[in-house]
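Here is the structure we will look at.
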Amino acid sequence: MAASLGAIHAATAAKATTELRSNEDKSRILNAHHETRSLIIAANLEPPVASHVMTGPATRIAVLISGEGSNLQALIDAAQAERLGADIVAVVSNRSAARGLERARAAGIAALHLAAVRGQERSEYDAALAALLAPLDPQLLVLAGFMRILGPRFIKQFAGRMLNIHPSLLPKYPGLDTHRRVLEAQDEWHGATVHFVTEELDAGPAILQYRLRVRPGDTPESLARRVHVGEHIILPHAASWFAAGRLRLVEGSVMLDGRALLAPVSIDEEGDST
Ligand code: GRF
């Protein structure tokens, strides 16, 4: 744990903020920026308090993908470096040509392809996916570039146990084509968000964000590259929190170490600050 989080801080955390619900915590954070910064480091580096420590076997994670799988690779790398605190038990893709399936095979992880059948209802695909996952008994599902919308029944089944990575600073720009939309809107900031999945697309409670300042001359491609760097940091990070029992969704609120987050924890690209 400590090694990975230290690396994250060294590599990227020019500024990091977190807001916690109690007034005492809030004023501490608002009054002293350097203290906020140390709060996230503390949140990251300190061993979880006893009541949040997960005992027993490692958390079983299944990852759903559709394409390149660079975020999957970041999870695999974290697992292999023992920074994830979890086993990736399977990777499922709706596309047989997804490069992520090769990445899974190369890492010795079950690589499963579940194609949608022409004319099939969404609920039928979801039921097939649930049936495929059932024997693997995953405790956490990570959507890492899974380009299918999951229906309410499936989402209920995995409520509070499903994370998604999205290439924008949610709630801004749910859906597709986020980099182009950010440039068109001339936004100053862009980034990526890890959030719990709920029924509304890309709208579940946000956990962790990576922020970067849009530069003159940025293109959708350059933004995609920079955002990907951040995604590969925050996704394994959030998954490791969940695996350690530190992260939960309770009545719609993100709880980290037993405290509700008012806003997602955020990490800025190196060199950026507000
Ligand atoms: C990422 O940008 C992620 O935010 C989005 O899909 C993309 C997947 O990229 N949901 P990769 O397949 O992990 O490289």
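The values are calculated or read from the model by the stated rules, or taken from the named source; none is laboratory data. As the structure is a prediction and not an experimental result, all values here were calculated from the model. Every residue, glycine as well, gets a Cβ built from its backbone with ideal geometry; the counts of neighbours run over all protein chains shown. What goes into the accessible areas is simple: the full protein's heavy atoms, side chains included, and nothing from ligands, DNA or RNA. Shrake-Rupley method; radii C 1.70, N 1.55, O 1.52, S 1.80 Å.
One table, with the values for the structure above:
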{"read-out": "Test: residue in the stretch 58-81 that is within 16 Å of the ligand (Cβ to nearest atom), basic (Lys, Arg) and touching a residue at least 24 places away in the same chain (Cβ under 8 Å)", "value": "no"}
{"read-out": "Residue in the stretch 254-264 that is within 12 Å of the ligand (Cβ to nearest atom), open to solvent by less than 40 Å² (accessible area, probe 1.4 Å) and either touching a residue at least 24 places away in the same chain (Cβ under 8 Å) or not β-branched (Val, Ile, Thr) (or both) present", "value": "no"}
{"read-out": "Exclusive hit being open to solvent by 70 Å² or more (accessible area, probe 1.4 Å) and either within 15 Å of the ligand (Cβ to nearest atom) or assigned to a loop (DSSP other than H, G, I, E, B) (or both), set ILE149, ILE88", "value": "ILE149"}
{"read-out": "Test: residue in the stretch 233-240 that is open to solvent by less than 10 Å² (accessible area, probe 1.4 Å), assigned to a strand (DSSP E or B) and touching a helix residue (DSSP H, G or I) at 6+ places or on another chain (Cβ under 7 Å)", "value": "no"}
{"read-out": "Inter-residue pairs, beta-carbon under 9 Å, first closer than 11 Å to GLN73 by Cα and in the stretch 99-111, second within 12 Å of the ligand (Cβ to nearest atom) and open to solvent by 30 Å² or more (accessible area, probe 1.4 Å), 6+ apart", "value": "ARG99/GLU68; GLY100/GLU68; GLY100/GLN73; GLY100/GLY145; LEU101/ARG95; ARG103/GLU68; ARG103/GLN73; ALA107/GLN73"}
{"read-out": "Residues located in the stretch 231-251, provided they are more than 8 Å from the chain's Cα centre (by Cα) and not aromatic (Phe, Trp, Tyr)", "value": "HIS232, ILE233, SER240, ALA243, ALA244, GLY245, ARG246, LEU247, ARG248, LEU249, VAL250, GLU251"}
